[in-house]
Amino acid sequence: MFKKLVLFFFLCLPLSTFGATAPYTGGISAADLLAEYDNFAQQYKNFTPSKQDITLIQKLKGKELTVLFGTWCHDSAREVPRLIKLLEQSKVQLESIKFVAVGYNKQDASGVAQAHNLQYTPTIIVSQNGKELTRMVEKPAGTLAQDLTKNLP
């Protein structure tokens, strides 16, 4: 009985009791993300995009990208650095790009995640003139470039 009581006690304590800190939330630049999160930087370093994907990502020219992710999320740590490297190597000219980190509850203080009905991380949304064209959720079915450009001319 004592063991069950002790276990119940620890399960009911907030994580902050054990020194855990909440993950970063809010807007962040690609450079700061790679500089401050080693797991993202390592994935960036290890990823080599194909020539086909570098060419394909050019379809994003003039589009708006919203990248919703968690610094705590292994799928985000894999896909977001790949996106950054693809964009850099392709030199595609986007209308805009917004990187927004969310907490464990998949929310951010400015409400960007809620406005885009975020369910899973990462979610990368391609829009034009405020209209969503496509989104990649968690991991691509093909390559990241294929998923992000699948509905684009």
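The values are calculated or read from the model by the stated rules, or taken from the named source; none is laboratory data. Keep in mind it's a predicted model, so treat the numbers as computed, not measured. Quick reminder, even Gly has a Cβ in these numbers, built from the backbone with ideal geometry, and neighbours come from all protein chains shown. Calculation scope for accessible area: heavy atoms of the full protein, side chains included, ligands and nucleic acids excluded. Shrake-Rupley method; radii C 1.70, N 1.55, O 1.52, S 1.80 Å.
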*Could you list, in sequence order, the residues of the stretch 139-151 that are hydrophobic (A, V, I, L, M, F, W, C) and more than 20 Å from GLU88 (Cα to Cα)?*
ALA141
*Working only within the stretch 75-122, note down all residues that are of a type in the set (Lys, Arg) and over 21 Å from ALA31 (Cα atoms).*
LYS106
*Can you name the number of the only condition in (1) without any contact (Cβ under 8 Å) to a residue 60 or more places away in the chain; (2) open to solvent by 20 Å² or more (accessible area, probe 1.4 Å); (3) small (Gly, Ala, Ser) that SER110 fails?*
(1)
*asked:* Among the residues of the stretch 37-54, what is the count of those that are surrounded by 13 or more Cβ atoms within 10 Å (Cβ to Cβ), free of Cβ contacts under 8 Å to residues at least 60 places away in the same chain and not in a loop (DSSP other than H, G, I, E, B)?
replied: 6
*asked:* Testing ARG78 on (1) open to solvent by 20 Å² or more (accessible area, probe 1.4 Å); (2) of a type outside the set (S, T, N, Q); (3) at pLDDT below 95, one condition comes back false. Which one is that?
replied: (3)
*Are there any pairs with C-beta distances below 7 angstrom linking a residue in the stretch 126-143 that is under 12 Å from LEU60 (Cβ atoms) and polar (S, T, N, Q) to a residue that is open to solvent by 40 Å² or more (accessible area, probe 1.4 Å) and in a loop (DSSP other than H, G, I, E, B), with the two at least 6 apart or on different chains, and if so which?*
THR134/LYS150; THR134/ASN151
*Do you know which of the residues in the stretch 118-153 that are touching a strand residue (DSSP E or B) at 6+ places or on another chain (Cβ under 9 Å), part of a loop (DSSP other than H, G, I, E, B) and open to solvent by 30 Å² or more (accessible area, probe 1.4 Å) is farthest from SER76 (Cα to Cα)?*
ASN129
*Among GLN89, GLN114, which is the only one that is touching a helix residue (DSSP H, G or I) at 6+ places or on another chain (Cβ under 7 Å) and assigned to a helix (DSSP H, G or I)?*
GLN89
_Matching residues in the stretch 92-107 - criterion: being assigned to a loop (DSSP other than H, G, I, E, B) and open to solvent by less than 10 Å² (accessible area, probe 1.4 Å)_ = VAL102, GLY103
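Kindly indicate the residue of the stretch 55-75 that is farther than 18 Å from THR123 by Cβ and part of a helix (DSSP H, G or I) and also most open to solvent (accessible area, probe 1.4 Å) among those meeting that condition.
It comes out as THR55.
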